[in-house]
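The structure appears right after this line, and notes come after that.
The values are calculated or read from the model by the stated rules, or taken from the named source; none is laboratory data. Since the structure is predicted, the reported quantities are computational estimates derived from the model, not experimental observations. A quick note on method: Cβ atoms are made from the backbone with ideal geometry, for glycine too, and the neighbour counts reach across all protein chains shown.
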Amino acid sequence: MTTPDVINVKPEVGQAIRDIAAAFPDATVSADGDSAGGAYVFVRDVPLASIYQQHKTWVGFHITYMYPEADVYPHFVRADLCRADGAPLGDGTSPASFQGQAAVQLSRRSNRLNPATDTALLKLQKVLRWLNNRP
């Protein structure tokens, strides 16, 4: 596990980053403050399901200064992500960039955000479950 530097971020954002790093011990987690108390986060070497040609991806997202009152949305993954069966990635995905890197945007908005329970970690886990269990 890599514990990222969480200096110059709001305490809630720093805790969210530490929680993500603890939950993904085989990944490398990095975070850069956004100068407003939030952070841009990368989780690298995240395993992918066998439906993809790639075995791992990075996942990036922005935890804003409004966290936990604001949803962590959207999430981004490697730009070359493709399915092993050649089918398109499908709904909820689109070409994009994140922090200067080409990416695929994963659009999974939380419609009924509950700041007490809907953490950045839970959102990341839900997005990865959705990504890895697509038909």
All positions within the stretch 75-132 that are under 22 Å from Gln15 (Cβ atoms), exposed (fewer than 12 other Cβ atoms within 10 Å of the Cβ) and among the polar types (S, T, N, Q): Asn114, Thr117
Residue that is modelled with pLDDT of 95 or more and either in a loop (DSSP other than H, G, I, E, B) or closer than 21 Å to Leu128 by Cα (or both), where the choices are Asp45, Asp5: Asp45
Residues located in the stretch 104-122, provided they are in contact with a His (Cβ under 8 Å, 6 or more places away or on another chain) and assigned to a helix (DSSP H, G or I): none
Total residues in the stretch 90-103, condition part of a loop (DSSP other than H, G, I, E, B) and either without any contact (Cβ under 8 Å) to a residue 12 or more places away in the chain or in contact with a Phe, Trp or Tyr (Cβ under 9 Å, 6 or more places away or on another chain) (or both): 4
Hits in the stretch 16-49 - residues which are closer than 16 Å to His75 by Cβ and of a type in the set (Ser, Thr, Tyr): Ser30, Tyr40
Qualifying residue in the stretch 51-73 (condition: closer than 24 Å to Gly38 by Cα and either charged (D, E, K, R) or touching a Cys at 6+ places or on another chain (Cβ under 6 Å) (or both)): yes
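Yes/no per residue for (1) within 14 Å of the chain's Cα centre (by Cα); (2) within 21 Å of Phe24 (Cα to Cα); (3) at pLDDT below 95:
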position: Pro95; (1), (2), (3): no, no, no
position: Arg108; (1), (2), (3): yes, yes, yes
position: Asn111; (1), (2), (3): no, no, yes
position: Asn114; (1), (2), (3): no, no, yes
position: Thr117; (1), (2), (3): no, yes, yes
position: Lys123; (1), (2), (3): yes, yes, no
Residue among Val13, Val9, Val41 that is hydrophobic (A, V, I, L, M, F, W, C), crowded, with 19+ Cβ neighbours inside 10 Å and within 30 Å of Gly90 (Cα to Cα): Val41
